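Comments concern the structure below.
Read-outs: derived from the displayed coordinates by stated rules, not from any lab. Since we're looking at a predicted model, the values are computed, not measured. Counting neighbours? That spans all protein chains shown, and the Cβs are built from the backbone with ideal geometry, glycine included.
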Amino acid sequence: MAAPPRLIALDGPSAAGKGTLARRLAAHYGLAHLDTGALYRAVGRRVLREGRDPADAAYAAQVASDLQPVDLEDPELRSEATSQAASMVAAIPAVRANLLAWQRRFAAQPPGGKPGAVLDGRDIGTVICPDAEVKLFVTASLQARAERRFRELQAAGADPIRRAVLDEMAARDRRDSERAAAPLVPAPGAFVLDTSELDADAVFDRVVAYINSRISPRRA
Ligand code: DC
């Protein structure tokens, strides 16, 4: 097999299938994986836990500069309240700046002696790792993504309201795409895949075929 890619930058909106794809790519190519959304979630969650306002830029920036490993293990990291707070703190330039070095270090020196890394998020190919060897942008219609999230919540034992899930996702999409600081856009040259009609296996197969076609034959 060809040598694995050094760096895979994977961007896209929420519930487009990034997380599953990133984990599978990391396992397939033997790379480390960083879910960068978890960093923004950890900042948003800690701001809420400390009773502060996620719109308070100075406070959120301070939390981002002092993020602790334990913050990434907070059981509320995936809650809806945390999701909304994360998208608010993610719009603050100083928060993004304070998380940048950490993400670049992970990409440059992947943990566990791995030969490379997969980073998934919103601005990996555009801002964090613009020189990544492979850039992917995975997306899906708002309806398809909201339906996936609705089913995930149901499977987790919650009793979600379909319309509310869609409205909350639309609000988050707007914040992620319309913010001035690193808005969600495909990086130039990214492989863009719409997963609305594809299951996780089909997404994985298409992306692996694309990556393998990009891996230089002389490294095979
Ligand atoms: O992927 P996620 O839903 O866990 O991301 C949580 C929030 O963080 C989301 O509103 C977008 C933001 N985010 C970001 O701005 N940049 C990243 N690289 C990753 C996530």
HN-Hα J in Hz across region 136-147 - Karplus 6.51, -1.76, 1.60, θ = phi - 60°, x for Gly and Pro: 10, 10, 9, 9, 6, 4, 4, 4, 5, 5, 5, 5
Approximate spin-label separation Arg49-Ala108, in nm, with each point projected 7 Å along Cα-to-Cβ: 2.9 nm
Along principal axes, Cα extents of region 1-43, largest first, whole Å: 38, 20, 14
Relative contact order %, the chain, counting alpha carbon pairs below 8 Å whose residues are six or more apart: 34 percent
Degrees, to the nearest 10: 80-89 long Cα axis against longest axis of the chain: 80 degrees
Glu133/Asp56 FRET efficiency (R0 41 Å; Cβ-Cβ; nearest 0.05): 0.60
Spin-label model distance (nm) - Arg214 vs Arg78, 7 Å beyond Cα toward Cβ: 2.8 nm
Angle between the chain longest axis and helix 37-49 axis [Cα atoms, degrees, rounded to 10]: 10 degrees
The chain: calculated mean residue ellipticity at 222 nm from DSSP helix runs of at least 4, using -39500 (n - 2.57): -15500 deg cm²/dmol
Extension gain, Gln68 back to Leu100 (0.36 nm per residue minus Cα-Cα distance, nm): 10.0 nm
Sites Arg162 and Ala27 - FRET efficiency at Förster radius 41 Å, r taken between beta-carbons, to 0.05: 0.80
Residue-wise HN-Hα coupling along region 63-76, computed from phi with Karplus coefficients 6.51, -1.76, 1.60 (Hz; x: Gly, Pro): 4, 5, 7, 10, 5, 10, x, 5, 4, 7, 9, 4, x, 8
Radius ratio Rg over Rh of the chain, counting only Cα atoms, Kirkwood formula for Rh: 0.96
Amide H contacts of Leu7 (H built 1.01 Å from N, under 5 Å, at least 5 apart or other chain): Ala117, Glu133, Val134
